[in-house]
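Worksheet: the structure to be examined is printed underneath.
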Amino acid sequence: MPSHRRMLIAVVGGAVLGALANALGAGAPWLDVAVRDVAQPIGQLFIRLLFMLVVPLLFSALVLGVADLELRHLGRLGARMLGYTAAVSSIAVLIGVTLVNVLGPGRGLPDAVREAARGAATIKPAPLPGGDSVSGFVLALVPDNPVKAAATGDLMGLIVFALLFGVALAMTDTPGARALKAALQGLYDVSMKLIEGVLWLAPVGVGALLFVMAARLGAAVVRPIAAYVGVVVLGLALHQFVVYSLSVKLFGGMSPRAFFSGVRLAMVTAFSTASSSATLPTALRVAEENLRLPRHVARFVLTAGSAMNQNGSALFEGVTVLFLAQVYGVELSLGQQAVAVGIAVLAGIGTAGVPAASMPFIAMILGILGIPVEGIGLVLGVDRFLDMCRTTVNVTGDLAAAVFVARGEPSEAAGAAAGVPPAP
């Protein structure tokens, strides 16, 4: 059975059984036993499996994503792409964060429902790294011991170390460095294989988490989930058709109508596969044949972008974190929201171009900000559809970045000068 169909059955089954249990036995001892001793441990096991993979996946994906740019040979193209990726990803997350703050999809739940969602634990937002001072925040970003940072959950420090490590690895061309890069690729491959196994078990974990939520909250959970889906889709649509249209028009010198007409095949492929990596061959084809981009630019930008330029994923992660903060009544200051925005942008660089790859990073951000990680169960049920939507935005963003980088790179000779071998 396809994974999305298994997930749908788990979502519907967990929600219906939980709501039915809430209606028939609210406050009954048997329901408390079913939630506390059966469903909740299963859901917690799924969450712990996700957390287990955060550090190896985050480190290997970020290092490889930066190292694959080959900055020493492609510094000019790499700098333009990195600048574009950082700027457009930041815009994407800001769009999502603004929509969540204005529309408040997670607000409006009765206090009793929030207390049931929280359980008995007292939720306190995590303090900003380094305190309130700017100098303390900057110093806290650079870990004195990266191994200690990974072990103690200082994942912001680990992200900074991984980015610096990736830059240094890209600039080091020795047998040892190449062997290290191959080892990191192996770590990434093994982490992705483990994630495949965790996601194969995801319907059980998601069903258990939704049963716990529905058994505690009843039908009250339906409205915020529908509002959450609407906000994510609205944010993705604004970024897709407004930001990318302005980008290709102002910075790429191309008509938005011609651009979207040329990339239709890649958009359809991305929506159907929910994988930027699986869409890469189609994206390369439309970039060269339909958009008439230089081959060396298309190959460089789209290959790196399939792993790094994840605008839709960054928007989705920012919206999800703030939505769950509203659901659980965790008030985030502007500084903490800025931390969430920054991590979402960096996580967009490290998010793999495969289905459901955002979930470990969302779990990481939730843990940093003190938001109950169990809330992932609320969004996993609708994640397949949202994954298809954000992957479409991711792939379109890669092509828009290629249009921007290609301006001023009209010939294959430019590619040879930049160190890119001609296509066979």
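A single member of PRO41, PRO56 is closer than 30 Å to ALA86 by Cα, modelled with pLDDT of 80 or more and not acidic (Asp, Glu), and it is PRO56. Selection of first residues in region 152-179 that are over 16 Å from PHE361 (Cβ atoms) and of second residues that are open to solvent by 40 Å² or more (accessible area, probe 1.4 Å) and acidic (Asp, Glu), restricted to Cβ pairs under 8 Å at least 6 apart or on distinct chains, gives the following pairs, ordered by first then second residue: ALA170/ASP68; ALA170/GLU70. The set of residues in region 152-187 being under 22 Å from the mean Cα position of the chain (by Cα) and either open to solvent by 50 Å² or more (accessible area, probe 1.4 Å) or β-branched (Val, Ile, Thr) (or both) consists of ASP154, ILE159, VAL160, PHE161, LEU164, PHE165, VAL167, GLN185, LEU187.
Would it be correct to say that VAL204 is within 29 Å of MET81 (Cβ to Cβ) and within 25 Å of the chain's Cα centre (by Cα)?
So VAL204 does not fit the description; no.
The rows are residues; the columns are (1) modelled with pLDDT under 75; (2) assigned to a helix (DSSP H, G or I); (3) β-branched (Val, Ile, Thr).
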site	(1), (2), (3)
SER60	no, yes, no
GLY65	yes, yes, no
ARG72	yes, no, no
ARG76	yes, yes, no
MET81	no, yes, no
SER89	no, yes, no
GLY96	no, yes, no
GLY106	no, no, no
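Quick one: in region 200-215, of everything that is open to solvent by 50 Å² or more (accessible area, probe 1.4 Å) and in a helix (DSSP H, G or I), which residue is farthest from ALA21 (Cα to Cα)? Break it down into steps so the answer makes sense when it comes.
Initial filter on region 200-215 (open to solvent by 50 Å² or more (accessible area, probe 1.4 Å)): 200-201, 204.
Keeping just the survivors that are in a helix (DSSP H, G or I) gives 200, 204.
On the way: TRP200: 26, VAL204: 18 Å.
So, considering only residues that are open to solvent by 50 Å² or more (accessible area, probe 1.4 Å) and in a helix (DSSP H, G or I), the one farthest from ALA21 (Cα to Cα) is TRP200.
Counting residues in region 248-258 that are within 23 Å of the chain's Cα centre (by Cα), modelled with pLDDT under 90 and not aliphatic (A, V, I, L, M) gives zero. Residues that are open to solvent by less than 30 Å² (accessible area, probe 1.4 Å) and either without any contact (Cβ under 8 Å) to a residue 40 or more places away in the chain or aromatic (Phe, Trp, Tyr) (or both) within region 324-341 comprise just one, TYR328. Taking helices (runs of 4 or more DSSP H) as the structural unit, those lying wholly within region 277-352 and holding at least 1 residues that are modelled with pLDDT of 85 or more correspond to 311-327.
Of the conditions (1) surrounded by 22 or more Cβ atoms within 10 Å (Cβ to Cβ); (2) within 23 Å of the chain's Cα centre (by Cα), THR303 fails just one. Which one is it? Answer for THR303: the failing condition is (1).
Within region 167-195, the set of residues being of a type in the set (Gly, Ala, Ser) and modelled with pLDDT of 85 or more comprises ALA168, GLY176, ALA177, ALA179, ALA182, ALA183, GLY186.
The values are calculated or read from the model by the stated rules, or taken from the named source; none is laboratory data. Note that the structure is a prediction, hence the values are computed from the model and not measured. Neighbour counts are summed over all protein chains in view; Cβ atoms, including those assigned to glycine, are modelled from backbone coordinates with ideal geometry. Keep in mind that these areas ignore ligands, DNA and RNA; they rest on the heavy atoms of the full protein, side chains included. Shrake-Rupley method; radii C 1.70, N 1.55, O 1.52, S 1.80 Å.
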